[in-house]
Amino acid sequence: KLCHWTTAPIVLKLPIISKLMKAIGYIPAKSKNILETLSKKEENVGIVLDGIAGMFQSHDEIAHVMQRKGIVKIALKAGVPLVPVYGFGHTELWRVVVDPVGILESLSVKLDVSLTPFFGRFGWFLGPPKRVAVAMCMGEPISCPKIENPSQEDVNKYHDLLVKGYEEVFERHKEAYGWGHKTLRFV
């Protein structure tokens, strides 16, 4: 099946970029669009759960997933499996500039678009990514029953399984990537 990746809705309103991203299958990162793609089109959806919060975590392995349970609720409504995926190396691609007060992060969250200054290869501002190997590792799918109106207990149960899945993927593959010394922290 085709996998539609999600992006901030504002990105799909930018001239030229919008046409390109829609042509390769991107959809807005909104529950209505995700549920419609899963249910009506019967296609897969790929979501980066860290979102904007994860963009401000340069060089740390921190997963912002503890308060993000909406995708679990959507998976239960659609009756589709959740697959934990972890990308090793993505925090090394750019050097992100984080202001110590957190103004850019707050603005980014409010505007629903990242205002993250970064440096890429050759130290170029907003430059291409550094040449770093990135390994995408998948865990075991978590089967979700189809529940039209999932309870908070249902959502919590499957969210706990998803977090455990992320942890298992990270622990299983970190040594092979050369990150035996690192830990994944969930916030």
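Overview of values
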quantity	calculated
Residues of the stretch 121-135 satisfying the condition of being surrounded by 12 or more Cβ atoms within 10 Å (Cβ to Cβ), aliphatic (A, V, I, L, M) and touching a Phe, Trp or Tyr at 6+ places or on another chain (Cβ under 8 Å)	Val134, Ala135
Identity of the residue in the stretch 101-116, modelled with pLDDT under 85 and out of contact with any helix residue (DSSP H, G or I) (no Cβ under 7 Å at 6 or more places or on another chain), that ends up nearest to Gly127 (Cα to Cα)	Glu105
Residues located in the stretch 162-179, provided they are more than 17 Å from Val48 (Cα to Cα) and either open to solvent by 60 Å² or more (accessible area, probe 1.4 Å) or in contact (Cβ under 8 Å) with a residue 40 or more places away in the chain (or both)	Glu168, Glu171, Arg172, His173, Lys174, Glu175, Ala176, Tyr177, Trp179
Hey, Glu168 under 19 Å from the mean Cα position of the chain (by Cα) and among the acidic types (Asp, Glu) or not	yes
Yes/no for Tyr158 being open to solvent by less than 80 Å² (accessible area, probe 1.4 Å), aromatic (Phe, Trp, Tyr) and out of contact with any Leu (no Cβ under 9 Å at 6 or more places or on another chain)	no
Close pairs (8 angstrom Cβ cut-off, 6 or more residues apart or separate chains): on the phi > 0 side of the Ramachandran plot in the stretch 71-99, of a type outside the set (Gly, Ala, Ser) anywhere	Gly79/Cys144; Gly79/Pro145; Gly79/Lys146; Gly79/Ile147; Gly89/Val132; Gly89/Val134; Gly89/Tyr177
Which numbered condition Gly54 fails, given (1) without any contact (Cβ under 8 Å) to a residue 12 or more places away in the chain; (2) over 15 Å from the mean Cα position of the chain (by Cα); (3) within 26 Å of His181 (Cα to Cα)	(2)
For Thr183: the one exception among (1) assigned to a helix (DSSP H, G or I); (2) under 14 Å from Phe88 (Cα atoms); (3) open to solvent by 40 Å² or more (accessible area, probe 1.4 Å)	(1)
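To keep it simple, each residue is scored yes or no on (1) open to solvent by 70 Å² or more (accessible area, probe 1.4 Å); (2) farther than 30 Å from Gly180 by Cα.
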| residue | (1), (2) |
| --- | --- |
| Pro9 | no, yes |
| Leu14 | yes, yes |
| Lys19 | yes, yes |
| Ile27 | no, yes |
| Ser39 | no, yes |
| Gly46 | no, no |
| Asp50 | no, no |
| Val65 | no, no |
| Pro81 | yes, no |
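Quick grid of which residues meet (1) in contact with a Pro (Cβ under 9 Å, 6 or more places away or on another chain); (2) basic (Lys, Arg); (3) modelled with pLDDT of 95 or more:
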| position | (1), (2), (3) |
| --- | --- |
| Ala133 | no, no, no |
| Met136 | no, no, no |
| Gly139 | yes, no, no |
| Ser143 | yes, no, yes |
| Lys146 | no, yes, yes |
| Gln152 | no, no, yes |
| Asn156 | no, no, yes |
| Glu168 | yes, no, yes |
| Arg172 | no, yes, yes |
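The values are calculated or read from the model by the stated rules, or taken from the named source; none is laboratory data. Predicted model only: the values in this text are computed from it and were never measured. Glycine gets a Cβ as well: all are built from the backbone with ideal geometry, and neighbour counts include every protein chain shown. Accessible surface areas use protein heavy atoms only, side chains included; no ligands, DNA or RNA. Shrake-Rupley method; radii C 1.70, N 1.55, O 1.52, S 1.80 Å.
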